[in-house]
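Accompanying notes for the structure given below.
No lab work stands behind these numbers, since they all come straight from the coordinates. Everything numeric here is computed off the predicted structure, so don't read it as measured data. Neighbour counts run over all protein chains shown; Cβ positions are idealised from the backbone, glycine included.
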Amino acid sequence: MQGVAYSGIMALRSTTAIVRNIPNVFVEALRLDGSQAVVLEKAKQQFNNYIETLEQCGVKVVSLPSDERFPDCPFVEDVAVVIGARALVTRPGHPSRRGEMTVMREALKSLQKAPQIYEMEDPEAFVDGGDVLFTGREIFVGQSSRTNQKGVQCLAKTFPEFSVTPFPIRSSLHLKSLATMCGDDMIAVGGDQEAAETLKSMKSQAKFKYNYVQLDSNSAANVLLVNDNVFVKPGEEIGHHNYDILKKHVKGRIIDVPFSEFYKVDGCLTCCSVLINQEAVSG
Ligand code: GLY
């Protein structure tokens, strides 16, 4: 397999998504706030709808089997960072998640056009993919309880064509818990103190100019850009005023994707898929 040379700018396009089915132990998934119980059947319905919506957007979905040893296994974005023709299989920051990568690695290798697989060789380096925000031009990384400085260095080594800028994340789980791409060169940002500080740092440290859509809830800022479509949680989940702001600013087609059961365990719309552009991988 040969990789492609990057120009340093890459369109955010997806042909394929890897997802992982929900185990029954999903109700015991890690969470910062354990006050709300996950309703398993509802989570499964929401997940099926998420997959169908990806398919409606023309994305081929590869579903991996659930694993009852890993309550958080549907959050596949944490175990692989795929940019163009390269895939970094991560070492997640939480010890309970460190066996989740095995099937992801195999799935990546089995793709029709397999990306070049990179491993995190430094045993002290940790990355959760939820901390990695690729804008199409550069990489922003949350330095959080899950992703450390050595992990940031590993990302920089794996994707040398792109500038890698870390931002401290202290109270949220991941960077993408408070900021995601909602269009080409457009970033949705949440509303708490940490989101405000991250936005300020992004504006001053980004190597490129972006349009920022400011929302007053971090949950609202977690959207999923799938080609010209933007998955957003419905107004009942994120507040109708946030929904209206997204609708006003986002250029793509807005699709409502309910995700309440995932949010109870810090799961966001980006968390449940690894998006891949097979056209960026030469065969
Ligand atoms: N529940 C998502 C995580 O903590 O990794």
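Here are the numbers for this structure:
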quantity: Charge dipole (debye, nearest 20) of the stretch 24-140; +1 at Cβ of Lys and Arg, -1 at Cβ of Asp and Glu; calculated: 360 debye
quantity: Cross-link pairs Lys207/Lys247; Lys109/Lys150; Lys150/Lys264; Lys209/Lys251; Lys203/Lys264 - those with Cα-Cα distance over 20 Å; calculated: Lys207/Lys247; Lys109/Lys150; Lys150/Lys264; Lys203/Lys264
quantity: Rg/Rh for the chain, where both radii come from Cα atoms and Rh is the Kirkwood radius; calculated: 0.92
quantity: Note, ³J(HN,Hα) from phi for the stretch 129-141, Karplus 6.51, -1.76, 1.60, rounded to Hz, x at Gly and Pro; calculated: x, x, 8, 10, 10, 9, 8, x, 10, 7, 10, 9, 10
quantity: Average projected area [Cα convex hull, the stretch 183-230], square nanometres; calculated: 3.3 nm²
quantity: Convex hull volume per residue for the stretch 1-156, taking Cα atoms only, in Å³; calculated: 122 Å³
quantity: Where Rh is the Kirkwood radius over Cα pairs, Rg/Rh for the stretch 75-154; calculated: 0.94
quantity: Fraction of beta bridges assigned by DSSP in the chain that are antiparallel (%, nearest 5); calculated: 45 percent
quantity: For q = 0.12, 0.13, 0.20, 0.27 Å⁻¹, Debye-computed log10 I/I(0) when each Cα of the stretch 108-170 counts as one equal scatterer; calculated: -0.31, -0.36, -0.79, -1.17
quantity: Extent along principal axes [Cα atoms of the stretch 87-227; Å; largest to smallest]; calculated: 39, 31, 25
quantity: Helical mean residue ellipticity (222 nm; -39500 (n - 2.57) per DSSP H run of 4+; nearest 500) of the chain; calculated: -7000 deg cm²/dmol
quantity: Proxy reagent accessibility, fewest Cβ within 10 Å first, across Thr158, Thr147; calculated: Thr158, Thr147
quantity: Rel. contact order, % - alpha carbon contacts under 8 angstrom, at least six apart, the chain; calculated: 25 percent
quantity: Selected from Ser66, Ser144, Ser96 as most flexible by GNM, with the chain as the system and alpha-carbon contacts under 10 Å; calculated: Ser96
quantity: Spacing of the two label points (7 Å from each Cα toward its C-beta) at Asp216 and Glu161, in nm; calculated: 4.2 nm
quantity: Net charge contributed by nearby residues that have their C-beta within less than 13 Å of Lys42 (K/R +1, D/E -1); calculated: -1
quantity: P(r) weight above 18 Å for the stretch 191-283, C-alpha pairs, percent; calculated: 53 percent
quantity: Fewest-first sequence of Leu224, Leu30, Leu88, Leu108 by Cβ atoms within 10 Å of each Cβ; calculated: Leu30, Leu108, Leu88, Leu224
